[in-house]
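To keep things clear, I will list the structure first and then write my remarks on it.
The values are calculated or read from the model by the stated rules, or taken from the named source; none is laboratory data. Because the structure is a prediction, the values reported are computed rather than measured. Cβ sites come from the backbone with ideal geometry, for glycine too, and all protein chains shown count toward neighbours. These accessible areas exclude ligands, DNA and RNA; they are computed on the full protein's heavy atoms, side chains included. Shrake-Rupley method; radii C 1.70, N 1.55, O 1.52, S 1.80 Å.
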Amino acid sequence: MGLIMREKEQVAAAKDGVLALQQGDLATLVVTGADRVTWLNGLLTCDLVKRAPGTAVYGLAVGRNGRVLADATVVFDDEGERALLVVPDAVADALRAHMEHYLVTEDAEMAPGTDAFTAW
């Protein structure tokens with residue numbers, strides 16, 4: 001009888017709640033500066049210009065030849081002052097170096113944020 005009740009409770013929780021799992025294999029890069037949106041928009045396949053503050057957008061980071069470098073989720077804070085780029089931890093350093101190569105005259109800065117943020 002107890003097992004059946006637990007199953008019913010689990011089904012109810014699945015219908016009415018949220019299951020959140022920590023994603024330890026993801027890293028966060030914090031992008032700030034006035035040109036952060038247009039700079040990132042040129043490096044990712046998603047449209048970041050039409051996004052609203054406090055939202056997340058999924059896309060791909062691609063190389064100059066169109067080769068996919070990583071999948072990425074860009075999360076914008078509610079104030080619109082920074083963008084959090086969530087990428088696989090295994091490629092975070094290489095992706096950061098690749099993207100910073102295209103940071104020439106834009107007012108944008110990218111820094112690791114993995115210690116301050118956890119992906120769920």
Single condition CYS46 does not satisfy, out of (1) over 22 Å from THR118 (Cα atoms); (2) open to solvent by 50 Å² or more (accessible area, probe 1.4 Å): (2)
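Take ALA52 and decide whether it is open to solvent by less than 70 Å² (accessible area, probe 1.4 Å), over 23 Å from GLY24 (Cβ atoms), at pLDDT below 90 and aliphatic (A, V, I, L, M). If you could, list the steps in order and put the result at the bottom.
Details: open to solvent by less than 70 Å² (accessible area, probe 1.4 Å): yes; over 23 Å from GLY24 (Cβ atoms): yes; at pLDDT below 90: yes; aliphatic (A, V, I, L, M): yes.
When the stated conditions are applied, ALA52 passes them.
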Pair list, Cβ under 8 Å, 6 or more apart: the range 64-86 residue closer than 19 Å to GLU100 by Cβ, other residue of a type in the set (S, T, N, Q) and surrounded by 18 or more Cβ atoms within 10 Å (Cβ to Cβ): LEU84/THR28; LEU85/THR28; VAL86/THR28
So THR32, is it of a type in the set (Val, Ile, Thr), open to solvent by less than 70 Å² (accessible area, probe 1.4 Å) and touching a residue at least 12 places away in the same chain (Cβ under 8 Å): yes
Qualifying position, being over 11 Å from the mean Cα position of the chain (by Cα) and either of a type in the set (Val, Ile, Thr) or open to solvent by 70 Å² or more (accessible area, probe 1.4 Å) (or both), among VAL74, VAL104: VAL104
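Kindly indicate whether ASP16 is loosely packed, with under 11 Cβ neighbours inside 10 Å, within 17 Å of THR73 (Cβ to Cβ) and charged (D, E, K, R).
Details: loosely packed, with under 11 Cβ neighbours inside 10 Å: yes; within 17 Å of THR73 (Cβ to Cβ): no; charged (D, E, K, R): yes.
Spelling it out, it is not the case that ASP16 is loosely packed, with under 11 Cβ neighbours inside 10 Å, within 17 Å of THR73 (Cβ to Cβ) and charged (D, E, K, R).
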Subset tally (residues that are loosely packed, with under 12 Cβ neighbours inside 10 Å and either at positive phi or of a type in the set (Ser, Thr, Tyr) (or both)) for the range 80-101: 0
